[in-house]
Amino acid sequence: MAKILIIEDEENLANFVSLELQHEGYDTEIQNNGRTGLEEVLNNNWDAILLDLMLPELNGLEVTRRIRQMKNTPIIMITARDDIMDRVSGLDHGADDYIVKPFAIEELLARLRALLRRIDIESGDKKANKQQTTVDYRDIIVEKENRLVRRRNEVINLTKREYELLLTLMENVNTVLEREKLLEMVWGYENNNIETNVVDVYVRYLRNKIDLPGEDSYIQTVRGLGYVMRT
Ligand code: CA
């Protein structure tokens with residue numbers, strides 16, 4: 001279980017991110033200012049740090065600079081919209097990635113997973129030797145251990161349910177899955193009285209995220225039955 005330190009002075013945002021990370025199985029702690037955040041980083045071992053740029057006492061750039069004198073803990077810088085110079089500067093100071101407020105929590109989770117995976121590979125620990133199970137369909141690749149979906153190098157951010165729906169369709173290529181079957185497989189419903197149009201709604205969400213303009217949808221509708229990904 002990875003330990004993530006959140007250094008962010010907006011309490012609501014910090015608490016929200018913390019709860020979401022815990023929900024995903026991470027261990028978290030929050031520090032509300034740059035000085036105590038830096039002390040926490042230097043005194044303990046963290047797998048990654050989410051670091052706000054504008055912080056009381058010590059700003060994020062200064063915190064990054066001081067961390068880098070001592071440690072290589074991966075840092076994702078959180079910046080306000082349009083602070084392009086600060087973002088570049090953050091990366092120059094040694095941050096590993098940045099995310100712009102306001103951000104979707106799925107995007108943050110995907111970046112964090114990607115960062116931790118990269119660190120694992122670079123550090124050559126035993127996880128790096130573990131074979132990543134991937135499933136692919138056309139140019140979409142799902143890395144199952146990372147729960148990461150990408151098209152070539154571009155990460156596609158999906159919610160948990162969208163991810164499970166996509167994976168289920170991809171693992172059953174060329175099999176038409178009825179709406180009832182999908183409800184059972186993805187949502188865990190066994191009761192046939194539940195409205196099946198929730199499946200249609202989620203297929204629409206998924207198409208909006210994975211389909212390319214002007215090209216056939218990745219997911220084919222089988223009228224009156226359900227959905228399929230055909231090769
Ligand atoms: Ca702030």
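The values are calculated or read from the model by the stated rules, or taken from the named source; none is laboratory data. Being a predicted model, the structure only gives us computed values, none of them experimental. As a convention, Cβ positions derive from the backbone with ideal geometry for all residues, glycine included, and neighbour counts pool all protein chains shown. Calculation scope for accessible area: heavy atoms of the full protein, side chains included, ligands and nucleic acids excluded. Shrake-Rupley method; radii C 1.70, N 1.55, O 1.52, S 1.80 Å.
For this structure, a couple of remarks:
- Residue check, residue 117 at positive phi, surrounded by 12 or more Cβ atoms within 10 Å (Cβ to Cβ) and modelled with pLDDT of 80 or more: no
- Evaluation of residue 41 against (1) within 24 Å of residue 159 (Cα to Cα); (2) away from the ligand (no atom under 12 Å from the Cβ); (3) modelled with pLDDT of 90 or more; (4) in contact with a helix residue (DSSP H, G or I) (Cβ under 8 Å, 6 or more places away or on another chain) (one fails), failing number: (1)
- Whenever a residue of region 46-75 is within 14 Å of residue 10 (Cβ to Cβ), its partners that are within 12 Å of the ligand (Cβ to nearest atom) and polar (S, T, N, Q), lying with C-beta atoms within less than 7 angstrom and at least six residues away or across chains, give the pairs 53/59; 53/79; 55/33; 56/33.
Residues are listed down the side, and each one gets a yes or a no for (1) open to solvent by less than 10 Å² (accessible area, probe 1.4 Å); (2) among the polar types (S, T, N, Q); (3) within 22 Å of residue 117 (Cβ to Cβ); (4) more than 16 Å from the chain's Cα centre (by Cα):
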position: 8; (1), (2), (3), (4): yes, no, no, yes
position: 19; (1), (2), (3), (4): no, no, no, no
position: 24; (1), (2), (3), (4): no, no, yes, no
position: 34; (1), (2), (3), (4): yes, no, no, yes
position: 40; (1), (2), (3), (4): no, no, no, yes
position: 43; (1), (2), (3), (4): no, yes, no, yes
